[in-house]
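This report concerns only the one structure given below.
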Amino acid sequence: MRIKDPQVMRALAHPARIEIVEHLNNTGAAVTATQCAGMVGLSPSATSYHLRELAKYGLVEHAPSRGDGRERLWRSVSEGLRIEGDPQQPGAQEAEQALVDIYLTRDFNRAREWASRSGEQPLEWREASMMLSRQMLLTAEELREVNEQISAVLDVYRLRGRQGTAPDGARRVLVHYAAFPDGDGDGDGGGGDHGGDYGDRGDRGDGGDGGDRSARSDRSDRSDRSDRSDRSDGGDGGDGSDKDD
């Protein structure tokens, strides 16, 4: 599902609403406001309000009732979100940036939380997990191909498609992925030695599934950090999140 309307972006830009949408997108579940309330830490009435607002902007919808029909159920309308504001539309860039900032804050908090408790995790999960940073030299077409290849690998293991079929011992794993140009495009040129990667941190990650969530970003990440570590560290989502939702 692509989100281009700044009004929809602003409607989604609340931590509880993001968590609700990611959970529904990632699991395909039909839930009540009371069930969502327990998940986001709000009262059922407050959660019901958030669900109605999400439905108003087409981000969730009513699901068929169970049993006697007295319960109101909610479900997702997609499996992922793609945030793609039109720079020519008034307020779109500001709304997109505000929404992306909430996602980034949430995702980095999850990574920090994993790092803080990684030492308590089984060795097999510490060794299997990773935090990775690389600087590459790509054309726009090559970057598109890299993104498509990584998405294809991850799609096989998405939570929504593996519920009830995943092998014994499987856990929810959160994957954060971002790939974007560094700097203002003045060009690093082709050929030569351009620095490159310094390895990957073995911070080992498990957490909520953030869903497939994708957002365009012009911000530059100037850190080429990838020191190796044996620390153990993963929504919805996220769900990206696309944010590919």
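Descriptive notes on the structure:
- Inter-probe distance in nm under a simple model that places probes 7 Å from Cα toward Cβ, at His14 and Arg2: 2.7 nm
- 14 Å beta-carbon shell around Ala55, net charge (K/R +1, D/E -1): +3
- Among the trypsin sites (Lys or Arg not before Pro) in segment 1-75, those located in a DSSP loop and surrounded by at most 15 other Cβ atoms within 10 Å of their own Cβ are Lys4, Arg66, Arg70, Arg72.
- Among the trypsin sites (Lys or Arg not before Pro) found in segment 113-161, those both in a DSSP coil and sparsely packed, with 14 or fewer other Cβ atoms within 10 Å of their Cβ, are Arg134.
- Listed from fewest to most Cβ neighbours within 10 Å, the set Asp184, Asp86 follows the order Asp184, Asp86.
- Segment Ile102-Tyr49, length gained on full extension (0.36 nm per residue, minus Cα span): 17.1 nm
- Diffusion coefficient, µm² s⁻¹, Stokes-Einstein with Kirkwood Rh over alpha-carbon pairs of segment 5-77 at 25 °C and 0.890 mPa s: 202 µm²/s
- Estimated FRET transfer efficiency (Arg72, Gln149; beta-carbon r; R0 35 Å; 0.05): 0.25
- Using the Cβ-Cβ distance between Met136 and Arg162 with R0 = 22 Å, the FRET efficiency computed as 1/(1 + (r/R0)^6) comes to roughly 0.15.
Read-outs: derived from the displayed coordinates by stated rules, not from any lab. Remember, predicted model here, so these are calculated numbers, not experimental data. With ideal geometry, Cβ positions are generated from the backbone for all residues, glycine too; neighbour counts draw on all protein chains shown.
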